[in-house]
1. For Leu228, list long-range residues whose amide hydrogen, built 1.01 Å from N in the peptide plane, is under 5 Å from its own amide hydrogen.
2. Please list, ordered by chain and number, the residues whose modelled amide H lies under 5 Å from the amide H of Asn166; skip anything fewer than 5 residues away on the same chain.
3. Using θ = phi - 60° and the Karplus curve 6.51 cos²θ - 1.76 cosθ + 1.60, what whole-Hz ³J(HN,Hα) does each residue of segment 25-35 get, with Gly and Pro shown as x?
4. How much length is gained if the chain between Asp9 and Asp55 is pulled fully straight, taking 0.36 nm per residue apart and subtracting their Cα-Cα distance, in nm to one decimal?
5. What residue among Gly273, Gly227, Gly134 shows peak mean-square fluctuation when the chain is described by a Gaussian network model with Cα springs under 10 Å?
6. So what are the ³J(HN,Hα) numbers for segment 171-182, from phi and the Karplus equation (6.51, -1.76, 1.60; θ = phi - 60°), rounded to whole Hz, Gly and Pro as x?
7. Taking the number of other C-beta atoms within 10 Å as the exposure measure, put Met278, Met232, Met86, Met224 in order starting with the fewest.
8. Pick out which of Arg151, Arg196, Arg90 has the largest mean-square fluctuation in a Gaussian network model of the chain, springs linking Cα atoms closer than 10 Å.
Amino acid sequence: MNMIFQTADNFKEVINRPIKKVPSLRDITIANLFFENSTRTRISFELAEKRLSADVVNFSASSSSVKKGETLLDTVNNILAMKVDMVVMRHPMPGAHVFLSKHIDAQIINAGDGTHEHPTQALLDCFSLREKFGEIKGLKVVIVGDITHSRVALSNILALQKLGANVRVCGPPTLIPRHLHELGVEVSHDLLDSLRWCDAANMLRIQLERQDIKYFPTLREYAMLYGLNQAMLEKVGKELVILHPGPINRGIEITSEVADSDQAIILDQVQNGVAVRMAVLYLLAGSKGG
């Protein structure tokens, strides 16, 4: 992970230059396969690829032969037959990337698989915390919200623990998996207590599109108990660093006043996402070449 961060440091310097491109992946073709809707992640990967001078092919399931019944394996094999070197994929099924890696000979990057994981989001979140605090070891981080349906939560828990942080999750009992404490995280249902405990809070979006039943009475009640607002921050009585993976439901998990405040590093996360994804692409392309 430190190698990724050090490489991302170099690429962040590159993307802040007047000329933002480097020829690192000039002879590499990358296919972005998105079987689920995405804005920030897809654009972030595409921008990272173009900054590295790769050739980019964008694929959207909504306008493809998947609609006609084509399988994932057939779709990817057809794309690889066109001499694509790397695949960046988002898929609604957990484990789709592992399945694919066992059947095709190409570098596959997980841009999110169902409610399972979102590795590059965790990397950019950790990179942003490292940039803010200097190091992550010993840091207290609370992840707040819809833990059950969030792929960001699991990836963040694993990455933060690997880097030596203390992790707590906070949310309604219905939105926290029953056995999550077995991962070595603290579980809390008290937002104010968790904010007083932590150095940084990662506020997750309520993923209504993944909820097949009601997990809490109303969005208004959720916002009252687990939404982060200025009055809550004033009760905490100390400076916190606020993260959010986006998209933001303003007024539900976080108010506009907090999201746009100096304590929030949400736009830093967006910029760091490009540098971190450049690092991942560059390192994976190099490992294949070696």
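Read the figures in this text as sums done on the coordinates, not as results from a lab. It should be emphasised that the depicted structure is a prediction, and the values quoted were computed from it without experimental measurement. Don't worry about glycine lacking a Cβ; one is built from the backbone with ideal geometry, like all the others, and counts go over all protein chains shown.
1. For Leu228, whose amide H was placed from the backbone, the distant partners under 5 Å are Ile254, Thr255.
2. Gly138, Leu139, Lys140, Val141
3. Ordered by residue, 3J(HN,Hα) equals 10, 4, 9, 10, 10, 10, 9, 9, 9, 10, 8 Hz.
4. Values: separation 46, 0.36 × 46 = 16.56 nm, distance 2.33 nm.
Contour length minus the Cα-Cα distance gives 14.2 nm.
5. Of Gly273, Gly227, Gly134, the Gaussian network model singles out Gly134 as fluctuating most.
6. For segment 171-182, the Karplus curve yields x, x, x, 6, 10, 10, x, 4, 9, 4, 4, 5 Hz.
7. Working: Met278 28, Met232 15, Met86 20, Met224 10.
Ranked by crowding around the Cβ, least crowded first: Met224, Met232, Met86, Met278.
8. Arg196
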